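In what follows, a structure is listed as structure tokens, so that the remarks can point back to it.
The values are calculated or read from the model by the stated rules, or taken from the named source; none is laboratory data. As the structure is a prediction and not an experimental result, all values here were calculated from the model. Here the Cβ positions follow ideal geometry from the backbone for every residue, glycine too, while neighbour counts run over all protein chains shown. Calculation scope for accessible area: heavy atoms of the full protein, side chains included, ligands and nucleic acids excluded. Shrake-Rupley method; radii C 1.70, N 1.55, O 1.52, S 1.80 Å.
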Amino acid sequence: MLESTEQRNRSNKPLGIKCVENIKKSKISYKSYQANVLIVTFLAYACYHATRKTTSIIKNALDPQSSSDLGLLHFPFQRASYFQQPKNNTNSLSLGNGWYPFNGSDGTALLGELDVAFLSVYAFGMYFSGHLGDRLNLRIFLTIGMVGTGVFTVLFGIGYWANIHSFYYYLIVQMITGMFQSTGWPSVVAVIGNWFGKKKRGLIMGIWNAHTSVGNITGSLVASALLSYGWGWSLVVPGLMITVIGVVVFLFLPVSPDSIGASMDDEKDDNNNLPSPRKRGEEEDIEEPLLSSETETEEARVDRAVGFIEAWKIPGVAPFALCLFFAKLVAYTFLYWLPFYISHTAIDGKYLSSDASGNLSTIFDVGGVVGGILAGHISDRLDARAITAASFMYCTIPVLFLYRSYGSMSLAINIVLLFITGVFVNGPYALITTAVSADLGTHSSLKGNSRALATVTAIIDGTGSIGAAIGPLLTGYISALSWDAVFSMLMASALVAGLLLTRLVIAEVGAKIEHSRGQGQGQGGIIPISSSTVDSVES
């Protein structure tokens with residue numbers, strides 16, 4: 001029986017890991033598996049964001065005449081303009097002339113509709129991806145998503161050399177890309193959740209979540225560098241990158257310790273001794289995988305996956321999901337419109353080129369890396385996810401005002417304010433989509449059921465992605481009035497995001513006060529998610 005179990009575990013190991021073990025002639029250690037999981041999932045989701053970022057960089061190349069017409073001045077999907085023939089086919093490959101149909105009077109409208117189509121499919125696809133992710137092999141599921149994303153990103157870029165000018169071609173390609181992109185987040189969070197315990201979860205996942213900003217920066221730099229050779233290259237190269245990393249995921253990503261028979265019990269301490277047995281419940285959060293629980297049994301591991309409605313009823317899911325709706329609305333407005341906004345806003349009396357604007361926009365993502373780590377660390381120290389997320393959202397309001405009001409004074413001031421904006425905009429976004437999702441996916445109400453993490457993650461990020469689709473769309477229409485109105489919308493969204501967590505913040509503050517008076521039980525963890533505090537609030 002033992003031999004058959006070991007054979008089954010070995011058969012479940014990815015091919016690349018088998019090759020490494022054959023070369024080493026020894027098993028890979030548990031910590032090495034953890035390091036491998038961190039690196040592979042980091043690269044995987046960085047590539048997702050790199051391909052997602054490219055469309056914001058090529059907007060000025062597709063629609064270079066839009067400086068005097070920044071808004072979506074037409075209602076979505078007006079058929080008449082899509083089927084007109086290019087005015088000058090002979091120069092259609094010229095970067096300076098733009099690209100039909102995006103270089104006409106309604107070019108900005110069409111570009112905005114591509115964003116909305118992509119994000120809408122991505123948002124609703126997220127719900128299905130989470131449902132499937134808890135039921136399928138996550139390694140294969142993630143590989144299919146990455147390769148599919150790469151193929152259709154390349155197909156968008158091929159339109160440049162194939163001289164394709166049909167709006168519906170680009171629309172359909174973007175929608176299918178959004179479907180494949182939706183596989184990424186539920187999968188990587190679930191895999192990370194399988195391998196890492198609760199100790200310093202906010203900090204660890206905050207650092208790991210830097211893949212979002214690293215991917216945005218990589219996508220911006222690669223797309224901007226290749227833009228002068230033709231906008232098609234700005235899509236094809238990132239598309240090939242994510243395809244290659246998708247193959248790496250297939251070869252090297254172990255889904256969970258159980259699937260390959262890895263165990264912390266196999267590790268040896270510094271004195272070459274096996275770890276001593278510990279009592280159930282002692283330092284459990286430090287050493288056991290995230291999905292472990294006191295009541296977990298073999299039956300729990302194979303329990304049915306949690307249903308969609310059941311996952312919504314987990315205490316804390318709804319308020320954090322709705323908060324992320326508005327937080328992601330702000331973040332994705334910057335993701336899709338920041339390079340465009342910078343290129344059409346005079347900084348110290350001068351306008352930046354398209355590639356310079358794309359490079360400058362990466363400062364926002366650098367701030368996002370710091371913000372994600374900072375938010376995770378603070379939430380760990382305070383044991384308060386809701387207080388941390390709400391505080392960051394409230395701080396976003398004055399920061400947005402300062403950037404809009406003073407960002408055009410000089411390049412140095414713009415850089416500083418853009419960095420600070422990235423810290424506060426992306427901090428709560430990163431915290432909610434990582435540590436909070438992991439906390440809620442392993443909530444005590446699930447009673448040890450380990451097959452909920454992808455579903456909960458998908459619900460939270462899927463709801464947020466609906467906001468991500470609405471934000472860029474509203475930005476296009478409102479920017480027709482003024483960019484001041486756009487920033488007012490973003491500040492209002494940040495305010496609502498903070499207010500949605502009010503009940504959880506009150507619960508956390510009340511629990512902290514009780515604990516400080518010695519009336520609480522003094523348990524660790526995130527109070528509104530893992531204790532009865534939030535349960536009483538929800539009831």
**Asked** Looking at this structure, is PHE141 part of a helix (DSSP H, G or I) and under 28 Å from ASN103 (Cβ atoms)?
**Response** no
**Fill in**
When region 225-238 is checked residue by residue, the ones that are under 22 Å from the mean Cα position of the chain (by Cα) and either buried (at least 24 other Cβ atoms within 10 Å of the Cβ) or among the basic types (Lys, Arg) (or both) are SER234, LEU235, PRO238
**Message:** Given the criterion of a type in the set (Gly, Ala, Ser), assigned to a helix (DSSP H, G or I), buried (at least 23 other Cβ atoms within 10 Å of the Cβ) and in contact with a Gly (Cβ under 7 Å, 6 or more places away or on another chain), identify the matching residue among SER357, SER361, SER379.
**Reply:** SER379
**Asked** Any idea which residue in region 154-168 is farthest from GLY184 (Cα to Cα), counting only those that are open to solvent by 10 Å² or more (accessible area, probe 1.4 Å) and in a helix (DSSP H, G or I)?
**Response** TRP161
**Message:** Any residue at all in region 296-311 that's in contact with a helix residue (DSSP H, G or I) (Cβ under 8 Å, 6 or more places away or on another chain), among the basic types (Lys, Arg) and modelled with pLDDT under 50?
**Reply:** yes
**Prompt:** Of the residues in region 318-347, how many are out of contact with any helix residue (DSSP H, G or I) (no Cβ under 8 Å at 6 or more places or on another chain) and part of a helix (DSSP H, G or I)?
**Reply:** 0
**Request:** Return yes when PRO186 is over 15 Å from the mean Cα position of the chain (by Cα) and open to solvent by less than 10 Å² (accessible area, probe 1.4 Å) and no when it is not.
**Result:** no
**Message:** Against the definition (closer than 20 Å to VAL423 by Cβ, open to solvent by 20 Å² or more (accessible area, probe 1.4 Å) and in a helix (DSSP H, G or I)), how does LEU203 come out, yes or no?
**Reply:** yes
**Message:** Looking for something under 21 Å from the mean Cα position of the chain (by Cα), closer than 19 Å to SER437 by Cα and open to solvent by 10 Å² or more (accessible area, probe 1.4 Å) - is there at least one such residue anywhere in region 466-481?
**Reply:** yes
**Fill in**
Scanning region 494-518 for residues that are more than 20 Å from GLY427 (Cα to Cα), modelled with pLDDT of 85 or more and open to solvent by 90 Å² or more (accessible area, probe 1.4 Å) gives ARG503, ILE506
**Message:** For region 57-65, check the following and say yes or no: at least one residue is at pLDDT below 85, within 22 Å of VAL244 (Cβ to Cβ) and either in contact with a strand residue (DSSP E or B) (Cβ under 8 Å, 6 or more places away or on another chain) or among the β-branched types (Val, Ile, Thr) (or both).
**Reply:** yes
**Request:** Can you tell me which residue among GLY371, GLY376, GLY367, GLY358 is modelled with pLDDT under 90, under 19 Å from ALA327 (Cα atoms) and either out of contact with any His (no Cβ under 6 Å at 6 or more places or on another chain) or of a type in the set (Ser, Thr, Tyr) (or both)?
**Result:** GLY376
